[in-house]
Amino acid sequence: MKRREFLFSMGTAPVLYLASSKRGDKSSIATKAKINKNLSKKAELKADIIIVGGGVGGVACALSSLQHGLSVIMTEETSWLGGQMTSQAVPPDENPWVEDKGATTRYKQFRNVLRDFYRNNYPLREEYKNYTNLNPGNGNVSRICHEPRVSALVIENLLSPYISGKKLMVLKRHIPISIETKGDYFSAVQVRSLETGNEIWLSGPYFIDATETGELLPLGKVEYVTGMESQKETGEPHAPTEADPKGMQACTWCFAMDYNPDGDHRIDKPENYDFWRSFVPQLDPPWSGPLLSLTATHPVTLKDRTLPFDPTGKTKTSWWNYRQILDKNLFDTHIISYSITLVNWPQNDYFLGNIIENPTKEVDLYHERKAKELSFALFYWLQTEVPRPDGGTGWKGLRLRPDVTGSEDGFAMRPYIREARRIKAEFTVCEQHIGKDVRKDFLRNQEYITPEIFKDTVGIGYYRIDLHPRTNGKNYFDVDSLPFQIPLGALIPQRVENLIPVAKNIGTTHITNGAYRLHHVEWHMGEAVGCLLSFCKQKNVLPRQVRSNSGLLEQFQMMLQNDAIPLHWDEEVLKQKGRKDNS
């Protein structure tokens, strides 16, 4: 099919059709209605953009696309949109300048609406009501630690007008099961309801993979990589000599808990608790000792680091405060009686196997179950055996909070995913593009160290190159990076024309994925891609053509800037972070 024919062969607003079991069958609708009592099993939907996966990048892409007049169908495996922010329950890790720099207007709006949710609906104490940079949890890891349930509500509110206006259709509890292709184009993706088993075909000019593990890549036979690339492939100083496609970062099954000092909420001893209680990770460099311990390997120094655990709040530097997502001290304690924390710690990183790319789906699911089993063991250990500052052991008042995670048991709906399948892209971001120490060696004569400047930049981000223990026995790798750009080439597959990734499946390496995998970077990518597809529709071009044509690229980047999507870091930030004496 020719490009122009393809672009005009798809519909725009979401439309429901009836289809036979064989796509393309020409029997009448009336006949089909008689044959199929459950008509939804044979439904087909069309829109300008099909977003598979409701992760952070998918949500941002939907907002951006809708505000530019496109129609969208979005699917999501769980009952919440927002991915790592909601169904995986992790409060946002962000760049340190996020409050006034390094964020898009839409991302700032999301954060403002989130804070307003607490101001308008929670009994904030008077002194915090007008606090501009309200941090509902006062957790150490983020300037806006908050409950995943609230993120999910805010996202729903932002999207609600478009659902009512029939511009957006959201299919929750749906997973992709097959893809129809025509040459180098996706033409339709088939999704299945996890509630009913009904299957629906979704078609449109463009498809977005916003899944957490890059689910569309194997289904659509898109070229991709997993795990560690070799130094020969990437030229990265810290890449291994030999590639290891199975060497991926740990996943973590997070959970939310509070502490009721007058209660006894001890759970039954979990399955295989004795194994986890005595488990000592065999990692290179060596781990500090038993995994269930208050001592863990420091990600940067790789030395032992011990923190106390104190859910009373009396100990300020504690594992409890690390990701506290609700601080009762900000509120009327007659209503908010308990602080809540989110457990995403080194102690429940699961690295005994991967949850993707195994020989069978059963093996994937086995490792998912083991990841959750580890987290259950950690919670029970905290209730019964963890050393207390007063010399005792265990905190029996610890209580799981299923109302916060939207699940039956207080654990996140899905494990927190750090690494996915990654497209073989037109351009791959490598360590030598953003790593501070590597760039320092390249730029010895410069006043300060700068990242690679990408002429096809579509956004910015910043986070350390932060790799958690890997499933092949490698320990943390955590080094500083520089405030970086998001190149359009990393979002375009080498071959497929109308699929764009907006999650951990972009063109990074195993190493640089550690910096690009964060919430705010996914959001920036999603927004940029929503603008990109609007631009492509206006100009009747493909994403690859936008990147390769300097005139089109310049026009598109002007559109991004008009949309308040920053393409370059302020010189002040680059100087501050790039100082050679600044680690």
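Just so you know, all these numbers are worked out from the coordinates, no wet-lab data involved. Because the structure is a prediction, the values reported are computed rather than measured. With ideal geometry, Cβ positions are generated from the backbone for all residues, glycine too; neighbour counts draw on all protein chains shown.
Structure notes:
- Additional length obtainable on full extension of the chain from residue 195 to residue 545, 0.36 nm per residue less Cα span: 122.0 nm
- Computed from the C-beta positions of residue 332 and residue 369, the FRET efficiency with R₀ = 35 Å rounds to 0.30.
- Value of relative contact order over the range 251-405, rounded to a whole percent, pairs C-alpha under 8 Å and six or more apart: 37
- Inter-part distance where the range 365-415 and the range 43-69 are each reduced to a Cα centre, Å: 35
- Taking each of 129/504; 108/455; 221/361; 167/537; 129/396; 46/182 in turn, the alpha-carbon distance tops 28 angstrom for 129/504; 129/396.
- DSSP bridge pairs, the chain: antiparallel proportion in percent, nearest 5: 70
- At full extension, residue 315 and residue 554 could sit 80.7 nm farther apart than now, given 0.36 nm per residue minus the alpha carbon distance.
- Residues residue 232 and residue 129, FRET efficiency given R0 of 60 Å [Cβ-Cβ distance, rounded to 0.05]: 0.55
- Relative contact order (%) - criterion: Cα under 8 Å, at least six apart; region: the range 413-476: 18
- DSSP-assigned coil residues among GluC sites (Glu not before Pro) in the range 142-245, each with at most 12 further Cβ atoms within 10 Å: 195, 223, 242
- Karplus (6.51, -1.76, 1.60) ³J(HN,Hα), θ = phi - 60°, over the range 337-350, in Hz, Gly and Pro reported as x: 8, 10, 7, 10, 10, 10, 9, 9, 10, x, 5, 10, 5, 9
- Span from the the range 108-175 Cα centroid across to the the range 184-255 one, whole angstrom: 28
- Among (i) -0.60; (ii) -0.42; (iii) -0.46, the entry that matches log10 I(q)/I(0) by the Debye sum over Cα atoms at q = 0.07 Å⁻¹ as calculated here: (ii)
- Considering only alpha-carbon pairs that sit under 8 angstrom and 6 or more positions apart, the relative contact order computed for the chain is 19 percent.
- Stretchable slack from residue 112 to residue 444, in nm (0.36 nm times residue separation minus alpha-carbon distance): 115.4 nm
- Spin-label model, residue 164/residue 298: points 7 Å from Cα along the beta carbon direction are separated by 5.3 nm.
- In the range 73-151, the chymotrypsin sites (Phe, Trp or Tyr not before Pro) that fall in loop regions by DSSP, at most 15 other Cβ within 10 Å: 131
- Mean ellipticity per residue at 222 nm, deg cm²/dmol - from DSSP H runs of n ≥ 4 across the chain, formula -39500 (n - 2.57): -8000 deg cm²/dmol
- Residue 284 versus residue 538: modelled label distance in nm, points set 7 Å from Cα along the beta carbon direction: 5.3
- Qualifying trypsin sites (Lys or Arg not before Pro) in the range 490-583, DSSP loop, other Cβ atoms within 10 Å at most 14: 579, 580
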